[in-house]
Structure formats: structure tokens, C-alpha cells
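The values are calculated or read from the model by the stated rules, or taken from the named source; none is laboratory data. Values in this document were obtained by computation on a predicted structure and should not be read as measured data. Here the Cβ is made from the backbone with ideal geometry for all residues, glycine too, and neighbour counts use every protein chain on show.
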Amino acid sequence: MASSVQVLGTIYSPYANRVQIALNLKSVDYEFLPQDLRSKSDLLLKSNPVHKKVPVLIHDGKCICESGIIVQYIDETWTGNGYSILPSDPHDRAVARFWAAYFEDKFAPLLKELSAAKEEEKVALKERVDEGLGFLEEAFLKCGKGKAFFGGDHIGYVDLIIGSSFGWITAMGKMSGSHLIEETKTPGLFGWVDSFLSNDVVKNVMPTTEMFIELLTKMQAKATAT
Ligand code: GTX
């Protein structure tokens, strides 16, 4: 009997997108249940009572929360479908978890800090971002062994964790004219962004750059009106 899989998410959530892409990689059919985060549903509050956030994966009635944990659950549950999302070698797997945690805990918060910084704070923050990009470029070359993705020939765990934020990042770069990834400085990451965003399993999940730009424009107009 086919299992029942539901994802509570929002279409612009990079965290929900990771889960959707992981399910696509494993060819698992699922139902997407869009959530209104300004007025949280009983289902969301009941299925993620601690954080009250999306995404939540509901598999045969059981709830799993936190996107990274959900992606690992998907990988461990549908082992026979497609290739493994995390590397099979324990050291490679630990390295992939390290870079995913680095992005989540250090790099993404730094980007957030930079986007909210006052003009005089920007130079020092930009230096730290550039240092982080240097680390990620090196990680890309080492983990991907010269192939298109951090996962090598296929989208893997680090690709999902980092790549899912590139809808927002690419749109913000287009709007400000200052792009985070420059071909001259981090050529590996530059090519990787394109390979990731244009991949079919990603394209049919993540909103387009134009959609992100439209949303960001509305958010900015609302912020300046208040
Ligand atoms: N650590 C969690 C995970 O990995 O699943 C984080 C999930 C999360 O923050 N979800 C947000 C939420 O439900 C929605 S996504 C936020 C979009 C950020 C855009 C970044 C550019 N928030 C509801 C709440 O905080 O109440």
C-alpha cells in the first residue's frame, strides 16, 4: 500500500522547499498543505507544538519537524528510491553535516546581519561574508570532487540545505545590483547556483526569481508605508 505523505509548508519557505526537493529526489508523492503563518492552523500547532513552524512532514500520521531532520528521515526511509541524499561513507556524511550546520548556524545569520546593517557596519560584515564564501567554495570543490554539486553528480544534503536559500539570495542580488556570488572570486559556487536552480527537481518546487522579486518589492513597499 502506498504511504501517505503530507508537507505543511509555505511556497516561499526555503526550509519547506528542502523537504519538497528531497521528496522529489526520492520520487515520493506527497500532498502540500499550504500554511498561513500569520494565523496558524490547529494542524500546524498540533503537529509542531514546540516551534510552531513549517515545515512539518506527516508520514502515515506521524509528524517530523525541523527541515534538516526531515531530509535525513526521508533519506533513511525511502532507501530504495534513487540515490542516497547523504553520502554513504561515514566521514563524507559527517563532513556534509558539518557544512550544512556551518551554513545554518553561521553563514545564513551573517547574511541576515549584513542585509539589516547600517552603511558603516557593512564593510566589516562583507569581509566576514567573503571569508565564509571562501570556506564554502573550498567545501564545494572538496565534497563535489569537481562535479556539478556538493553531492558530486547528484544533488545531495549540502546542496539542499544551502541551495534552497538561493531563491531569496538571487532575487535580493538582482534587486540591489550587488551579487553575493561572483564568478571571479568563487567560480565553483557561481556555476553551482545555476546547476542547482535549473535542475528539474528544484525548478518545480522553488518559486522563480521573478516571483521572489515581486514578493520582496511588496514587502519593501509595505515596510516603507508603515
Ligand atoms: N529550523 C527550522 C527548520 O529548519 O525547519 C526553521 C523553520 C522556519 O523558520 N520556518 C518559518 C516559520 O514557520 C517559515 S520560513 C521563514 C522564511 C525565511 C525567509 C528567509 C530569507 N516561521 C513561523 C514563525 O516563526 O512563527
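Take the residues in region 54-83 that are of a type in the set (Asp, Glu) and in a helix (DSSP H, G or I), then tell me which one is nearest to Lys26 (Cα to Cα).
Asp75
Scan Gly188, Gly173 and give me the residue that is in contact with an Asp or Glu (Cβ under 9 Å, 6 or more places away or on another chain) and more than 17 Å from Tyr15 (Cα to Cα).
Within the list Gly188, Gly173, the selection yields Gly188.
Determine whether region 79-99 contains at least one residue that is farther than 16 Å from Pro14 by Cβ, of a type outside the set (Lys, Arg) and in contact with a Ser or Thr (Cβ under 9 Å, 6 or more places away or on another chain).
There is at least one residue in region 79-99 that is farther than 16 Å from Pro14 by Cβ, of a type outside the set (Lys, Arg) and in contact with a Ser or Thr (Cβ under 9 Å, 6 or more places away or on another chain).
Looking at (1) within 15 Å of the ligand (Cβ to nearest atom); (2) modelled with pLDDT under 95, can you tell me which one Thr224 breaks?
Condition (1) is where Thr224 drops out.
Give region 136-187 a look and list any residue that's over 18 Å from the mean Cα position of the chain (by Cα), in a helix (DSSP H, G or I) and of a type outside the set (Ser, Thr, Tyr), or say none.
Residues satisfying the conditions are Glu138, Leu141, Lys142, Lys174, Met175, Pro187.
When the residues of region 1-22 are filtered to those that are out of contact with any helix residue (DSSP H, G or I) (no Cβ under 6 Å at 6 or more places or on another chain) and assigned to a helix (DSSP H, G or I), which remaining residue is farthest from Val56 (Cα to Cα)?
Pro14
May I ask you to verify whether Ile70 is surrounded by 15 or more Cβ atoms within 10 Å (Cβ to Cβ), touching a residue at least 60 places away in the same chain (Cβ under 8 Å) and within 14 Å of the ligand (Cβ to nearest atom)?
Criteria not met by Ile70.
Among the residues in region 94-107, are any within 16 Å of the ligand (Cβ to nearest atom), in a loop (DSSP other than H, G, I, E, B) and in contact with a Gly (Cβ under 8 Å, 6 or more places away or on another chain)?
Checked against the condition, which is being within 16 Å of the ligand (Cβ to nearest atom), in a loop (DSSP other than H, G, I, E, B) and in contact with a Gly (Cβ under 8 Å, 6 or more places away or on another chain), region 94-107 yields no hits at all.
Test Asp75 against the criterion of being out of contact with any strand residue (DSSP E or B) (no Cβ under 7 Å at 6 or more places or on another chain), within 22 Å of Asp159 (Cβ to Cβ) and more than 9 Å from the ligand (Cβ to nearest atom), and give yes or no.
yes
Could you list, in sequence order, all residues of region 1-15 that are at pLDDT 95 or above and either more than 18 Å from Thr77 (Cβ to Cβ) or out of contact with any Ser or Thr (no Cβ under 7 Å at 6 or more places or on another chain) (or both)?
Ser4, Val5, Gln6, Val7, Gly9, Thr10, Ile11, Tyr12, Ser13, Pro14, Tyr15
Across region 140-155, what is the total count of residues that are of a type in the set (Gly, Ala, Ser) and under 12 Å from Ala96 (Cβ atoms)?
Narrowing region 140-155 to residues of a type in the set (Gly, Ala, Ser): 144, 146, 148, 151-152.
Checking which are under 12 Å from Ala96 (Cβ atoms) leaves us with 144, 151-152.
Qualifying residue count for the region: 3.
Which of the residues that make up region 143-172 are touching a residue at least 24 places away in the same chain (Cβ under 8 Å) and under 11 Å from Gly188 (Cβ atoms)?
Cys143, Gly144, Ala148, Phe149, Phe150
Looking at (1) touching a residue at least 24 places away in the same chain (Cβ under 8 Å); (2) surrounded by fewer than 18 Cβ atoms within 10 Å (Cβ to Cβ); (3) within 11 Å of the ligand (Cβ to nearest atom); (4) part of a loop (DSSP other than H, G, I, E, B), which is the only condition His51 fails?
(1)
All but one of (1) modelled with pLDDT of 95 or more; (2) within 16 Å of the ligand (Cβ to nearest atom) hold for Glu131; state the number of the condition that does not hold.
(2) is the only condition that Glu131 fails.
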